[in-house]
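Everything on this sheet refers to the single structure shown next.
The values are calculated or read from the model by the stated rules, or taken from the named source; none is laboratory data. No experiment lies behind these values; they were computed from the predicted model shown. Methodologically, a virtual Cβ is constructed for each residue, glycine included, from the backbone with ideal geometry; neighbour enumeration extends over all protein chains shown. Ligands, DNA and RNA are excluded from the accessible area calculation, which covers all protein heavy atoms including side chains. Shrake-Rupley method; radii C 1.70, N 1.55, O 1.52, S 1.80 Å.
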Amino acid sequence: MSLWPTEPMVQASLVAIILVSIGIIFTLTYFKKWGWLWREWITTVDHKKIGIMYLICALLMLFRGGVDALLMRIQLAFPDLQFLDAQHYNEIFTTHGTIMILFMAMPFLFAMFNIVVPLQIGARDVAFPYLNAVSFWLFFFGALLFNISFVLGGAPDAGWVNYPPLSELTFSPGPGIDYYLLSLQISGIGSIATGINFLVTILKMRAPGMSMMRMPMFSWSVLASCIVIIFAFPALTAALALLSLDRIVGTHFFTMLHGGNPMMYMNLFWIWGHPEVYIVILPAYGVFSEVVSTFSKKRLFGYKSMVASLLLISVASYLVWVHHFFTMGSSAGVNSFFAVASMAIAIPTGVKVFNWLFTMFRGRIRLSLPMLWMLAFIPTFALGGATGVMLAVAPADYQFHNSYFLIAHFHQVLIGGVVYGMLAGLYYWWPKMFGFQLVEKLGKWAFWLFNIGFYVCFMPQYALGLMGMTRRMYEYPSGMGWNGLNQVSTVGAFIMGIGFLLIVAQILYSIRHGKRDTTGDPWNGRTLEWSLPSPVPHYNFVRIPEVKGRDAWWMMKQEKGDEATSTPSSSIQPIHMPNSSGLPFLMSLAFFVAGFGLVFHQFALAAVGGIGIGICLFLRSLEQDEGYMLSPKEIRRIESAQGRL
Amino acid sequence: MNEQGVERDETKMRRSSLGKMLLLAVPFLLTGCRDRFLVLDPAGPVAETEYNMIVLSAVLISIVVIPVIGLLIYIVRKYRDRPGNDAPYQPEWADSKRLEIVWWGIPIVIIAVLSVFTVRDTFALTQPPSDQEPVTIQVTSLDWKWMFQYPESGVATVNYAKIPAGVPVQFVLTSDAPMNSFWVPQLGGQTYTMPGMAMRMWLQADQPGTYYGHGANFTGKEFAKMEFDVIAEKPSEFKEWTKQVKESKPKMTKEDYKQLKEPGVVEEKTFSSYPSDLFKEIVMKNGGIYRKEEHQHILND
């Protein structure tokens, strides 16, 4: 099979990829940056740097997924348009969905987990820094494997849910589905490891005095999310593995013949898939809780209720998966149970919304960028949640299922919830990550365009669903009355696209012109990360703080005033730090090689990758890695450079 | 539809100034002709039941959503951090048992009410919508077309189905291709067509008319072309149509079916007969053989 593509759009993408790669290689060589890249980034086990790498990947993937979305919206702007053919359209909606959930939302979350959690709980790193690097590189190479599919052999085209029998060899013989299965499998290992890593970090590494009920709400939300990751992702791993076996070695788990049962895949997929949406939304709730409290200059309202609702949601998220296929003909009893369970999730979610509102009530609200995104989230999510309850009503779902009403609903909760949450978090913690603030004005333009664009794009889609338009149609007839609303929706998508570009422009502009954050606490924050200088030194805390209550940093400021940040020079002790390692990168690269081999059923290549993985595991097992001690002299140098001594 | 009624509703809703929630409804209302909104224009008892649940759920959730949006606007206007803002400021006030009980309690009550109706109708929809003698139609989704068989008269059609109006129709669904979903919005919600399975779904059209139908679950390349019409006629006309088909249309041979199964898009077709036990064979060969007992009662009806 020739790998060189014949389609002009694919050829153009391939040429672009090759040119960009040459450009990157040339730049790195010209400026002699290879060593820097290897030492500072590729081999790093520093949670903050790993977080930044996740963030960069998430923004790149947001761009790719967004371009996919715009291509679809162009195709749907007019009836019977010939812009994309059926095959292309099917590939693009598949990659759009998969990328946005697994390669955009997940790394965006993990960026926030990594950057914030250790700082918030007063820790010097995560529990397993080396494993953290393994997680990132597995994600990275999984994403890379998924993204090259478009230019090498063909992208997956069976929808992001990838249901058999459509995704079995009979109906999808090409490499696309194998790309999907293997790239998700590889990045999924990383996700499970991240879940374990942060669960342990939060349970075991909190600063003295920080009892669970004094923990910042974002860390609580990460804890809830990690619990869901640990229990949900193995179901996806199993589903993908069994389907891979069907396709690669000819087993019959999900085929129609020889006793296979495709319905089992659907169940396994959604046993992961529904908890997955809570995996991505819970940390967004956490971000909003931090932001609303800081920018209302008030304690978070109903802390205990907030914790209880997070945990209730994470447990209930396992009891609702069948609502993704009420139409599969389960008995009325089964559908009733899952309908009621799904609606019940609205109760703790509603409680959270009221608690956020009453955090603002009798507070003092500053409309900075993180808060703007928080405020826009509330009506968007309230409406998205409302249509969610409507969808949970099984008899109504028979009408909404797979229609544009559903599409509008889940974009409203995923964009309005997760994307707004991650953007709020990005703006909020940006100064902490990079040491400068993002300029407000461009950000406000971006905010308004993105929000208006959102409503213009998705409100018409609710209407289209009620008019009978189903998802995944690459074209539609003109006589249905769908034309106008589809055009409006396309315009909205482009407005959102401009909003995204303005965010990028804002970041680039601010690198030169953004205000330096010399205080470490630009928002008058309440939690421990704001007690540190920005950007944070690699050991985080010179001295692990003593926590005396919720909003620990706020209390320290109240108690000590300006003295709160200073460290007595004499009290500095040596700090134990983990060593960098190139093995996580190399092992993940071996995973990539093995995955690529399996995609094309080149078992020799797959074996080479497999041996590589084995060697890396073996080397790591034999390694004596005690870490190293950072001397007080070195610490003093770094601290005084930050003006902290 | 009653145009005036719609307009009156519209002005009434505007006047009640329920804020953003209703602004969002404007695109729905401006389109004018309500019959384009197939889901909101039920033409039979099944779609009617589902429509009522849609309306009930929308009303119940707006009890929470509208106050939330109202409160948000009020709070943000009142408590801005501006010099001279004399609204109360209580930075340490973060707890209120009474308020917490209110906003745990109200959603619980709303969800409980909605649950009762949901469960009632979920069970109701598994039963025939009326007592009249039903008609059975066997539906097979293919790549990328629909085949309808009438076991009572032995005729078959492709990409359209005729049904008698005012009579419950029992659709028995399967697939000889990837899983699809059978959806005729004005008559009622959908059920998946699955290879190796025979699923039952009840629909009924109250009045003669042509109702739009489409596959609702993606099945590959030309999925977008899986449109079909369901045409309801007076029972007498339906009988007449069956008779005419029997007399004038070609038979479907095994060879014809083999061609039909080939991936592709075809026009509407009509056949006076089909190979005996074709539907059962389709179900069995796709894996139904392993689930014989579950399906026996549907297949033998």
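Observations, loosely collected:
- From its DSSP helices (H runs of at least four residues, each -39,500 (n - 2.57)), the protein assembly as shown gives a residue-normalised ellipticity at 222 nm of -19000 deg cm²/dmol.
- Region B:226-280 and region A:45-101 have their alpha-carbon centroids 42 Å apart.
- Per residue of peptide B:51-60, the mean number of Cβ atoms on other chains within 10 Å of the residue Cβ is 5.
- Chains A and B together, accessible area buried on both sides, 1.4 angstrom probe, square angstrom: 8300 Å²
- Cα shape, region B:151-249, gyration tensor, a/c 1.5 rule: prolate
- Comparing B:LEU187, B:LEU56, B:LEU72 in a Gaussian network model of chain B, where Cα atoms under 10 Å apart are tied by springs, the biggest mean-square fluctuation is seen for B:LEU72.
- Here the Karplus curve 6.51 cos²θ - 1.76 cosθ + 1.60, taken at θ = phi - 60°, turns the phi angles of region A:30-46 into couplings of 4, 8, 6, 9, 4, x, 4, 4, 5, 5, 7, 10, 5, 9, 5, 10, 6 Hz, with x standing for Gly and Pro.
- Taking the alpha carbon gyration tensor of region A:403-505, multiplying each eigenvalue by 5 and rooting it gives semi-axes of 33, 14, 9 Å, largest first.
- Normalised by residue number, the volume inside the convex hull of the Cα atoms of region A:318-467 is 122 Å³ per residue.
- In plain terms, the chain from A:PHE618 to A:LYS548 could stretch by 20.7 nm, reckoned as 0.36 nm per residue minus the Cα-Cα distance.
- With R₀ fixed at 25 Å, the C-beta to C-beta distance from B:ASP86 to A:MET555 puts the FRET efficiency at about 0.35.
- Cross-link partners of B:LYS292 among lysines, defined as those whose alpha carbon lies under 19 angstrom from its own and excluding same-chain residues fewer than eight positions apart: B:LYS280.
- Inter-centroid distance (Cα atoms) of region A:558-597 relative to region A:185-259, Å: 23 Å
- Sorting A:LEU60, A:LEU319 on solvent-accessible area from highest to lowest, probe radius 1.4 Å, gives A:LEU60, A:LEU319.
- Partner lysines for A:LYS515 [C-alpha distance under 20 Å; skip if fewer than 8 residues away on the same chain]: A:LYS432, A:LYS441, A:LYS444
- Exposed GluC sites (Glu not before Pro) absent - longest run of chain A, DSSP non-H/G/I/E/B, at most 15 other C-beta within 10 Å: A:1-545
- Amide hydrogen neighbours beyond the local backbone of B:ILE163, cut-off 5 Å, H modeled: B:ILE231, B:ALA232, B:GLU233
- Take the Cβ atoms of B:ARG77 and A:LEU645, set R0 to 60 Å, and the FRET efficiency comes out at 0.85.
- Choice from B:PRO128, B:PRO164, B:PRO83 showing the highest fluctuation, given a GNM over chain B with Cα pairs closer than 10 Å: B:PRO83
- The order of A:THR6, B:THR157 by accessible area, most exposed first and with a 1.4 Å probe, is A:THR6, B:THR157.
- Cα-projected label distance for A:LYS304 with A:TYR509, points at 7 Å along beta-carbon direction, nm: 4.8 nm
- With protein chains left intact and a 1.4 Å probe, residues in region B:135-300 average 37 Å² of accessible area per residue.
- The mean number of Cβ atoms from other chains found within 10 Å of a Cβ in peptide A:83-91 is 2, as a whole number.
- For the residues of B:102-108, the average number of beta carbons from a partner chain within 10 Å of their own beta carbon is 6.
- Taking every lysine pair in region B:88-232 that is 8 or more places apart or spans two chains, those with Cα atoms closer than 30 Å amount to 5.
- Cα gyration tensor shape for region B:135-300, rounded if a/c is under 1.5, else prolate or oblate: rounded
- Across region A:118-123, computed HN-Hα scalar couplings (Karplus, 6.51 cos²θ - 1.76 cosθ + 1.60, θ = phi - 60°) run x, 5, 6, 9, x, 10 Hz from first to last residue, x flagging Gly and Pro.
- Chain B: most fluctuating residue of B:PHE238, B:PHE148, B:PHE182 per GNM, C-alpha cutoff 10 Å: B:PHE238
- Greater than 23 Å apart at Cα, pairs in A:LYS298/B:LYS78; A:LYS298/A:LYS560; B:LYS234/B:LYS254: B:LYS234/B:LYS254
- Residues in region A:229-243 carry Karplus couplings, in order, of 4, 5, 8, 8, 4, x, 5, 5, 3, 5, 4, 5, 5, 5, 5 Hz; the curve used is 6.51 cos²θ - 1.76 cosθ + 1.60 with θ = phi - 60°, and Gly or Pro positions show x.
- Euclidean distance between Cα centres, region A:349-415 to region B:176-193, Å: 29 Å
- Taking the 1.4 Å solvent-accessible surface of region A:33-641 as the whole, the part contributed by carbon and sulfur is 69%.
- Cα-based shape type of region B:37-124, given that a ≥ b ≥ c are square roots of the gyration tensor eigenvalues and the cut on a/c is 1.5: oblate
- Taking only Cα atoms of chain A, radius of gyration then Dmax in Å: 24.6, 80
- For region B:37-124, size of Cβ-based charge dipole, Lys and Arg +1, Asp and Glu -1, in debye: 360 debye
- Distances between placed amide hydrogens fall under 5 Å for B:LEU203 paired with B:VAL169, B:PHE171, all partners being 5 or more residues away or on another chain.
- Just so you know, the Rg over Rh for region A:553-645 is 1.33, from Cα atoms, with Rh as the Kirkwood radius.
- Here is the list for region B:204-271: GluC sites (Glu not before Pro) lying in DSSP coil, each with at most 14 other C-beta atoms within 10 angstrom of its C-beta, are B:GLU267, B:GLU268.
- Accessible surface for A:PHE150 stands near 30 Å², nearest 10, in the context of the full protein assembly shown (1.4 Å probe).
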